[in-house]
Each structure stands twice: as C-alpha cells, then as structure tokens.
Amino acid sequence: MTTQLNLSEFMQTLTDLTKVRESLALDPALLSLMQHWLSIFAAQPQPIRMQVLSRRQLVSVISTLGSGEVTHAAFDGWMPENYALLLNYMDKGSHQYECLETNSGKLHIFPLQQSIAHKHAILLIQHETLDEDAISLIKQCLDMFHHYASLIIENERDALTGLLNRKTFDHCVSKILLNDYTPEFKFPLHHFLAIFDIDFFKKINDTYGHLIGDEVLILLSRLMQETFREGDLLFRFGGEEFVGVFSCADENDITVLLERFKATLNAHVFPQVGHVSMSVGCSRMALNVLPNTVLERADEALYYAKDHGRNQICFYEELVENGLLSDSTIQGEVELF
C-alpha cells in the first residue's frame with residue numbers, strides 16, 4: 001500500500017465508534033468507520049458504495065421485483081439482478097469473505113455477526129480495486145467491530161434467557177413511536193406490542209423448584225425465537241413476563257403470528273413439567289402514544305385474558321370496541337406518565 005495512514009484520523013474513527021452505546025446505532029457507526037478507512041487505504045476515482053444489508057430486506061425486495069413498484073430508497077444504486085446472488089450467499093450460511101463479479105462491477109461481501117434487528121446480515125462494498133492488503137484490513141476492522149458490538153449487545157440482553165432486556169425495550173419502543181425506527185420493508189408497517197405471561201408459573205416453581213422454573217423460561221425463550229420472525233423484537237421483563245414488538249405489512253398479520261405461537265407452545269412438551277400455556281395481551285402502537293400507555297393497554301388486555309380462562313390472546317382495541325374494556329385514552333389532552 002502506498003497511502004500513508006493519518007494517525008489522527010484513524011484514532012478519531014475509533015473514538016467515534018466507542019461513543020456508541022446501543023446496538024441500533026452500530027450499523028451506521030460501522031459504515032462511517034469503513035468509509036473512512038477505505039478512503040485512506042483503497043482510494044479510487046469513483047465513489048465507494050457500501051451498505052449493511054439483512055436477509056429480510058433482500059427477501060422483501062425480491063418479492064416485489066416485477067410488480068412495477070418502486071424499489072426502496074435503501075436499494076437505489078444496486079442492480080436488481082444482484083439481489084438473488086446476495087440472497088444465495090446468505091442462504092449458504094457462509095462466514096467467509098467473497099467477491100462477486102457482476103455486470104455492475106465487483107461486489108465484496110463480508111459477513112456480519114451482530115445485530116438486534118436481524119440475525120443474518122452482510123457488509124456489501126462495491127469497489128473495483130480492493131487489493132489483498134485492503135481486504136485483510138477490512139477483516140481486522142470487522143473483527144474489532146464484532147468484539148465491541150458483542151459488549152454492547154451483551155449489555156442489552158437478559159442474562160438468563162438471552163432475550164432483550166427492559167432497558168433496551170424503552171429505547172426501541174421510543175424510536176418506533178417517534179417514527180425514528182427505519183423499517184426493513186419498503187412499504188408502511190403496522191406496529192404492535194404484546195405482553196406474554198406464563199400461566200400458573202408460581203405453581204411450577206412451587207412444585208418442581210426454581211431450577212426447573214428457570215429451565216422453562218430458557219426453553220420457552222428459545223421457542224419464541226424459533227417461532228417468531230427474524231426482526232421481531234422479543235424482551236424479557238422479569239419473572240415469567242415477556243414482551244414482543246412486531247412490525248406487520250398487513251394489520252391482520254399480528255393475529256396470525258400470535259395464534260401460530262400459541263399453537264406451537266400448546267403442542268410443546270417441557271421436560272418434567274409437561275405442557276405450559278401463556279396468556280397474551282396485545283395493543284396497537286401509534287405515533288404520539290407514550291410507551292407507558294401502550295404497555296398499560298396491552299397489560300389491560302392481558303389481565304382480561306387471565307380473568308377469562310387464560311391460555312388465550314386478547315387485543316385491547318377489540319375489547320374496547322366490544323364494550324368489554326373502557327378506553328383509557330384522554331381525548332384532546334396529552335397523557336403523561
């Protein structure tokens with residue numbers, strides 16, 4: 001490499017990265033870091049194009065190709081024929097760097113290991129003259145980035161179940177309600193919040209002991225992760241209570257998602273304990289509705305489910321519409337905590 005490293009600029013990129021304190025800001029920080037490093041080590045006349053892409057994003061765009069709809073702005077500049085190549089790379093489960101020769105030029109693919117919003121993602125760089133030294137530098141940069149990201153993400157996870165924790169919930173929901181959460185789909189989404197509570201969990205602890213109770217929590221958390229979609233945000237609030245935040249293309253999708261999980265859970269047999277059920281309360285999320293208000297509505301629906309037989313899913317808006325609950329929203333005023 002003939003380009004000399006500017007140590008001051010190099011240290012500034014690292015300093016900016018270590019300012020990040022939540023994982024939703026990791027991807028932009030990575031792109032900023034890589035743009036700067038490549039401008040030093042792999043300069044070329046044409047602009048360097050790069051992006052963090054998830055498998056979910058690719059599936060969404062591929063599904064709309066040929067429909068005549070305009071591609072999401074996040075994909076402007078990438079040739080549509082490259083989407084299938086990128087999806088094939090992800091489906092192989094590869095954890096190795098690859099370079100694809102395409103009609104639009106060389107695409108360099110680096111696997112990513114961290115994220116809250118997606119499990120399968122890549123760093124994609126379009127660049128014609130990356131040499132072995134530059135590629136090695138990018139890999140080292142990503143290794144450092146992954147180590148730092150793991151510390152951030154560990155701080156956002158519940159120690160027992162590995163699900164997101166309450167602290168992370170407050171931040172994620174606030175971003176959604178303030179319309180500051182970038183959707184992975186190119187069409188408007190409907191957001192929902194659901195509270196899950198294990199039925200008769202105290203009886204499980206009293207009968208089998210807390211170690212078995214913890215095992216139920218761990219296994220149930222894994223079942224939730226396997227049943228719900230990549231990109232759904234799952235949190236443990238403590239004890240036997242869990243919260244899910246779901247983004248749906250169609251507002252009826254939330255019913256399908258929750259009913260599918262209910263059926264999967266009812267069919268599952270836990271070691272020593274047997275069958276376990278959950279009651280669920282769900283409410284729609286909307287702009288200018290405080291996170292505590294959404295939680296309270298879902299909680300009211302949850303307690304209605306508990307009081308009316310358990311092992312069921314209740315939707316706050318449906319309960320209000322049917323006169324089974326009173327709407328707690330104060331019309332014309334701002335509801336405070």
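Looking at the square roots a ≥ b ≥ c of the eigenvalues of the Cα gyration tensor of region 225-313, which shape do they give, rounded for a/c under 1.5, prolate if a/b is larger than b/c, or oblate?
The shape class here is prolate.
Sorted by packing (mean other beta-carbon atoms within 10 Å per residue), highest first, where do 126-134, 272-280 land?
For the peptides 126-134, 272-280, the packing ranking is 272-280, 126-134.
When a/c is below 1.5 the answer is rounded, else prolate if a/b is larger than b/c, else oblate, so apply that to region 166-321 with a ≥ b ≥ c taken from the square roots of the Cα gyration tensor eigenvalues.
It comes out prolate by the Cα gyration axes.
Here, each number is a calculation from the coordinates, and none is a lab measurement. Predicted model, so just to flag it, every value in this text is computed and none were measured. Neighbour counts are summed over all protein chains in view; Cβ atoms, including those assigned to glycine, are modelled from backbone coordinates with ideal geometry.
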